[in-house]
Structure formats: C-alpha cells, structure tokens
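**Student:** Supplied in structure tokens, the structure appears directly below.
The values are calculated or read from the model by the stated rules, or taken from the named source; none is laboratory data. These numbers come from a predicted model, not from an experiment. With ideal geometry, Cβ positions are generated from the backbone for all residues, glycine too; neighbour counts draw on all protein chains shown.
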C-alpha cells in the first residue's frame, strides 16, 4: 500500500508543479545571491557580509519550508476524503487487510515522497549557497529533519480531517490551522520584544493547537548564524521566543495522537 501510494503521489500534477516551482526558486535564489555579492562594497566589513548572506540563506530555507508544507497539504488533501466521497476506497477496503493498514500504508507512501522532496529542496538550496557564497547553515541535518517533522504533522492532520470531511473542507481546515500556527508563532515573537505574558500565552496556546510554526522556528534557530543573537538587526528569524526541545517532543506526541485519531475514526466510519 505504501509503494502504491508513493507511485500515485509521484504521478500527481501538483507534485510536478511543486518540483518546477522549486527549480524556479533555486534559479532565482542563486541569481539573487550572486547579485547581492556583486553589490557589496569594498569597505563592507566581512562579518556584515556574512550576516547578510546568512540572512538570505535563512529566507531561502524558509521558502523551502513553505513550499514543502503547502505541497504536503495539496497532494494529500484528497487521498482519503476524495476516495471516500467517490467510493473508490471500497475497492481497497475489500482487500484482505485491515483499515489501519490501508491508512498507515498511504501515510508511509506520502512520508517517503516528502522525504525525497525535502531532501532535494534543502540539498539544492544549500548547494546553491555553497557554490555561490561558500557558506553553509549551522546544523543543516537538524534543520531538515525538523522541517520533515513539520510536513509529517501537516500530513497527519490532513489524514485525520480527511476521515471526517470532504476534500474542499479538509483543505480549508488544514490550511487555516497552518495559517493560525503562523500567527501564533509571531505572537510569541512579539511577546518576547514587549515582555507581554498574555500575548505569549495566546501564542503558546495556538502553537499547542497546531505546532507546525513552532517546529520551523526551532529549525531556524538550529540553522541560523550563531552571531544572529548578538546582531539582531541581521536575524531574519529572531530567537526572542524560542521553542524548547520539550516543544519538539510535544510536536512528536501531537503527530502520534492525530494519526491515532485518524486510524480510529477511519475504522469506525461507514464507507
């Protein structure tokens, strides 16, 4: 089931569109990086150059993160919801396998596709920066794994709501939750600047509802230049309010719970 799902996902137009968009991004990013280096003045201090290029690298990796999450949602949003609505899931459910095996197989197929996509995009971005600017992010493997975790969370939420709602409703809910997570992350950041406890609490509650943005902010912290904290004017993703390792543990727990709920409801649902 995982292999079949992987091959089906690989044939979807949205995936190839995402790959084309990713290739276009790498091209534009490489040209922009080259032009930025050419615009440096001879009097620009070396550490300022490094921080500017590091900031551009983080913007590039954030774009990769956004592409990966959106691609995750758009490719898997109709996997269960669409098959249940059209009745095609009945042909699969009649095979000698449990419903939980069907769902986990589909989940693993998409997870494999996401691993390939994240690896290609992260590797491509880092390769462009290395070849043009001669620099690499701090702890790129940790960052890539955290972005992959973020995609798996979005995938699991898609699967869970796909057992309840139609394709369109599922997509709206998951994209809305991701947008809410984005807002919650920036509320926490703003609370760090103003030292507002209530604002921080609001951002934390939102992050608990959908921890995708919190996972990204931790990934950004792992990859960002170590000088970003001492030079906040060059810190594109400030670590004023940094998600702790406990938050990453919660994100893993959240993923397991959401996937378990999806399995339970898929087993109980009348197909």
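**Student:** Within segment 214-232, can you find the residues that are at pLDDT below 60 and touching a helix residue (DSSP H, G or I) at 6+ places or on another chain (Cβ under 8 Å)?
**Tutor:** 227, 228, 231, listed by residue number.
**Student:** Are there any pairs, at least 6 apart or on different chains, whose C-beta atoms fall under 8 Å, with the first in segment 9-35 and at negative phi and outside any helix (DSSP H, G or I) and the second surrounded by 14 or more Cβ atoms within 10 Å (Cβ to Cβ) and at pLDDT 80 or above, and if so, which?
**Tutor:** 12/75
**Student:** A further question follows. Please go through (1) closer than 19 Å to residue 167 by Cα; (2) in contact with a helix residue (DSSP H, G or I) (Cβ under 6 Å, 6 or more places away or on another chain); (3) part of a helix (DSSP H, G or I) for residue 84 and return the number of the only condition it doesn't satisfy.
**Tutor:** Here residue 84 meets the rest and fails (2).
**Student:** For residue 37, state whether it is more than 14 Å from residue 132 (Cα to Cα) and out of contact with any strand residue (DSSP E or B) (no Cβ under 6 Å at 6 or more places or on another chain).
**Tutor:** Working: more than 14 Å from residue 132 (Cα to Cα): no; out of contact with any strand residue (DSSP E or B) (no Cβ under 6 Å at 6 or more places or on another chain): yes.
No.
**Student:** Additional query: Tell me, please, whether a residue that is within 16 Å of the chain's Cα centre (by Cα), within 18 Å of residue 261 (Cα to Cα), surrounded by fewer than 21 Cβ atoms within 10 Å (Cβ to Cβ) and without any contact (Cβ under 8 Å) to a residue 40 or more places away in the chain can be found in segment 136-144. If you could, list the steps in order and put the result at the bottom.
**Tutor:** Going residue by residue through segment 136-144, those that are within 16 Å of the chain's Cα centre (by Cα) are 140-144.
Among the residues that remain, those that are also within 18 Å of residue 261 (Cα to Cα) are: none.
Within segment 136-144 (the criterion being within 16 Å of the chain's Cα centre (by Cα), within 18 Å of residue 261 (Cα to Cα), surrounded by fewer than 21 Cβ atoms within 10 Å (Cβ to Cβ) and without any contact (Cβ under 8 Å) to a residue 40 or more places away in the chain), the answer is no, since none of the residues qualifies.
**Student:** Answer yes or no as to whether residue 94 is within 26 Å of residue 24 (Cα to Cα) and modelled with pLDDT under 90.
**Tutor:** Details: within 26 Å of residue 24 (Cα to Cα): no; modelled with pLDDT under 90: yes.
No; evaluated as a whole, the condition is false for this residue.
**Student:** Please work out if residue 150 is crowded, with 17+ Cβ neighbours inside 10 Å, touching a helix residue (DSSP H, G or I) at 6+ places or on another chain (Cβ under 7 Å) and closer than 20 Å to residue 59 by Cβ.
**Tutor:** On the way: crowded, with 17+ Cβ neighbours inside 10 Å: yes; touching a helix residue (DSSP H, G or I) at 6+ places or on another chain (Cβ under 7 Å): yes; closer than 20 Å to residue 59 by Cβ: yes.
Yes, satisfied.
**Student:** So which residues in segment 129-148 are part of a helix (DSSP H, G or I) and closer than 16 Å to residue 65 by Cα?
**Tutor:** Of all residues in segment 129-148, those part of a helix (DSSP H, G or I) come to 129-133, 140-148.
Residues satisfying the conditions are 140, 141, 142, 143, 144, 145, 146, 147, 148.
**Student:** Sticking with this one: Regarding segment 11-21, can at least one residue be identified that is closer than 30 Å to residue 99 by Cα, at pLDDT below 85 and exposed (fewer than 11 other Cβ atoms within 10 Å of the Cβ)?
**Tutor:** Scanning segment 11-21, I find at least one residue that is closer than 30 Å to residue 99 by Cα, at pLDDT below 85 and exposed (fewer than 11 other Cβ atoms within 10 Å of the Cβ), so the answer is yes.
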